[in-house]
2 protein chains.
Amino acid sequence: MTKTISVAAVQQANTSNSQDNFNHSCQQIVRAAEQGAQLVVLQELHKSLYFCQQEDTDQFDLAETIPGPSTEALSALASKHNIVIVASLFEKRATGLYHNTAVVIDSDGSIAGKYRKMHIPDDPGFYEKFYFTPGDIGFEPIDTSIGRLGVLVCWDQWFPEAARLMAMAGAEILIYPTAIGWDLADNKAEQQRQLDAWLISQRAHAVANGVPVISVNRTGFEADPKATEPSHGIQFWGNSFIAGPQGEILAQADQDSELVLSAVLDMERSEQIRRIWPYLRDRRIDHYQDLTKLYRD
Amino acid sequence: MTKTISVAAVQQANTSNSQDNFNHSCQQIVRAAEQGAQLVVLQELHKSLYFCQQEDTDQFDLAETIPGPSTEALSALASKHNIVIVASLFEKRATGLYHNTAVVIDSDGSIAGKYRKMHIPDDPGFYEKFYFTPGDIGFEPIDTSIGRLGVLVCWDQWFPEAARLMAMAGAEILIYPTAIGWDLADNKAEQQRQLDAWLISQRAHAVANGVPVISVNRTGFEADPKATEPSHGIQFWGNSFIAGPQGEILAQADQDSELVLSAVLDMERSEQIRRIWPYLRDRRIDHYQDLTKLYRD
């Protein structure tokens, strides 16, 4: 592990033109690399609109294999610019078997590993259980030339168990590609509570585990394809952020900007923080058995 | 469960006179009851100075049995004012066997149950492993006339596992009597990071579990009895707070004030929040087995 790592997150607004979206992501990766980034994280399902607003079998056309055309393009970028890339793809594993998958491309262009989203949401406007089979790889961090990455995806960010299992397997950074936004029918106070909850939950994973967190969310408004009223859809709330191992914000985007967010992680901090806040020392594993139940009834 | 619960937290600064400290707590309980509180939570080890700044066998004189003189006095107050009280006592269980124990007194004056602190810290200035045997009751919520209370203590607040286990056993409110503060040798930026981490970690337990949180911390400076330099000791940072099930702050004290902090909890909110944020539905218990290990190596 190097002592510091320069990291970047690409927050963007997408259109129905997947090639345009992907070109934009690639341009931002190059820009991040030129600014010195060693690791670039893209947002969840960064190639397309957030198609899970509806249940539509035609959307499976968006899926691709891993390796496949996207990983090939990203591998070329990674090796050319000597940069580690975390991408988020709609994976076609077999006919009728799809996953929401994060892929890590190492700086030599090889695929370092993948993570298949374990916790799958299903709410009005977020019909992910229709598209994605829950991951079967488990919570396994991915080794790269810059360190061991705990890559999770979006809905996983609400589950302290996922962050803990990654940290317990030696993850040095927690990473969350994300697609989350507001239902504009909710009032401003509710919207603020939701954004705050999203921020503090992930910052708390940093604190509980003594590791930095990179969370990358999309921005822009995407209309509900089925909606009869124009206001329906999702206002993705941006606010991508990079936090240190005490949950302290190192960099944070606003709601609307398309940008490359960057920060330098001091990887020695985790060593210091876990000495002054030694939570791993004191876990009461003799009383944690019921965590493997759905409920204690 | 009633639809709303009026709750209060007593934040106070202590002296070496335990009887004075306890009298003050009792006066504040009466005041809270007169203001309509149905539940009052006291801070951790509210009878004494935070004696764990040193390892001193004489301090065991402060311990008492449960039931004992403190629970008797609190039971009389609870039944007289029809109020549920969460107290935090230095429990003498047997000669040479002590716990850091929270006791819940129901509104009829009976002892509803107790919780023995499960996670025990040990850091410079917080030598708790010398005094307290880690609890053996486990993470069991306590039923009272106003609902099922998930009572935990201080260091437990850094462990998402503890909050989760309480919520999975039906806890309707998470409650943390606390004694935490700054080492004044740390600079202001570090102090702010520590306070922020403490706030967001507990607010995140509310979010992850869809329940309100009451956290009660002491205030005031307590000198290190062994110190040779006058600046040494702990500046307890107050900031007791009450949060709703989205982690939203309902009431928060400042750093220095001795006060009764109060809020009204709308218990219907947890039902609504767990419908829109259904984390309990989606936990991947088929991949959580390693949570019962210390580390995944």
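Computed values, structure above
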| read-out | value |
| --- | --- |
| Inter-label distance, nm, simple model (7 Å from Cα along the C-beta direction), B:Leu97/B:Glu72 | 2.3 nm |
| 7 Å along Cα→Cβ, label-point gaps from B:Thr15 to other copies, nm, shortest first | 7.3 |
| Most fluctuating residue given options A:Gln255, A:Gln59, A:Gln235, as computed from a GNM of chain A linking Cα atoms under 10 Å | A:Gln59 |
| Computed P(r) (all Cα pairs; the protein assembly as shown; 20 Å bins; percent) | 21, 51, 25, 4 |
| Average beta carbon contacts from partner chains per residue of B:121-127, 10 Å cutoff | 2 |
| Long-range amide H partners of B:Leu149 with built H, under 5 Å | B:Ile142, B:Asp143, B:Thr144, B:Glu172 |
| Cα-Cα over 18 Å, subset of A:Lys3/A:Lys114; B:Lys92/B:Lys117; A:Lys293/B:Lys3; B:Lys3/B:Lys117; A:Lys47/A:Lys92; B:Lys92/B:Lys114 | A:Lys3/A:Lys114; A:Lys293/B:Lys3; B:Lys3/B:Lys117 |
| Length-normalised contact order for the stretch B:4-292 - Cα pairs under 8 Å, 6+ apart - percent | 19 percent |
| Accessible-area ranking of A:Leu259, A:Leu39, B:Leu184, largest first, probe 1.4 Å | B:Leu184, A:Leu259, A:Leu39 |
| Rounded to 5, the percent of DSSP beta bridges in chain A classed as antiparallel | 70 percent |
| Exam field: A:Tyr295 pseudo-label spacings to other copies (7 Å along Cα-Cβ), nanometres | 3.7 |
| Spatial separation of Cα centroids for the stretch A:1-50 and the stretch B:1-79, in angstrom | 54 Å |
| Spin-label pair B:Asp254/B:Ala223, simplified geometry with 7 Å Cα→Cβ offset, distance in nm | 2.6 nm |
| Euclidean distance of C-alpha centroids, the stretch A:214-264 and the stretch A:85-126, integer Å | 19 Å |
| Alpha-carbon gyration tensor eigenvalues x 5, square-rooted, for the stretch A:4-292, Å | 27, 23, 19 |
| All-pairs Cα distance distribution in the stretch A:149-227, expressed in whole percent, bin size 5 Å | 3, 15, 25, 20, 15, 10, 7, 4, 1 |
| Residue-level accessible surface for A:Trp198, protein heavy atoms, 1.4 Å, Å² | 0 Å² |
| Label point distance in nm, B:Gln19-A:Thr65, each placed 7 Å from Cα along Cα→Cβ | 8.4 nm |
| All-pairs Cα distance distribution in the stretch A:162-297, expressed in whole percent, bin size 10 Å | 11, 33, 28, 20, 7, 1 |
| Residues of the stretch B:282-297 buried by at least 30 Å² on assembly (accessible area, 1.4 Å probe, chain alone as reference) | B:Asp282, B:Arg283, B:Arg284, B:Ile285, B:His287, B:Tyr288, B:Leu291, B:Thr292, B:Leu294, B:Tyr295, B:Arg296 |
| At 1.306 mPa s and 10 °C, Stokes D of the stretch A:83-230 from Kirkwood alpha-carbon radius, µm² per second | 97 µm²/s |
| Reduction of at least 20 Å² in accessible surface, 1.4 Å probe, comparing all protein chains with the chain by itself, residues of the stretch B:179-221 | B:Glu190, B:Arg193, B:Gln194, B:Ala197, B:Ile200, B:Ser201, B:Arg203, B:Ala204, B:Val207, B:Ala208 |
| Shortest-first distances to equivalent copies, position A:Asp256, nm, label 7 Å out along Cβ | 4.2 |
| Ratio Rg/Rh, restricted to the stretch A:1-100 and using Cα atoms, in which Rh is the Kirkwood radius | 1.00 |
| In the A-B interface, the accessible area buried, summed over both sides, Å² (probe 1.4 Å) | 5500 Å² |
| Accessible carbon and sulfur surface of chain B relative to its total accessible area, %, 1.4 Å | 48 percent |
| Residue-span extension gain [A:Gln35 to A:Ile285] - 0.36 nm each, minus C-alpha spacing | 85.6 nm |
| For residues of B:135-141, the mean tally of beta carbons on other chains within 10 Å | 3 |
| Exposure of A:Lys47 as accessible area (Å², to 10), given a probe of 1.4 Å and all protein chains | 50 Å² |
| Reference-scaled alpha-carbon Rg (2.2 N^0.38 Å with N residues) for the stretch B:72-155 | 1.16 |
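The values are calculated or read from the model by the stated rules, or taken from the named source; none is laboratory data. These numbers were taken from a predicted model, which means no experiment stands behind them. Here the Cβ is made from the backbone with ideal geometry for all residues, glycine too, and neighbour counts use every protein chain on show. Side chains are part of the model used for accessible areas, which takes the heavy atoms of the whole protein and leaves out ligands, DNA and RNA. Shrake-Rupley method; radii C 1.70, N 1.55, O 1.52, S 1.80 Å.
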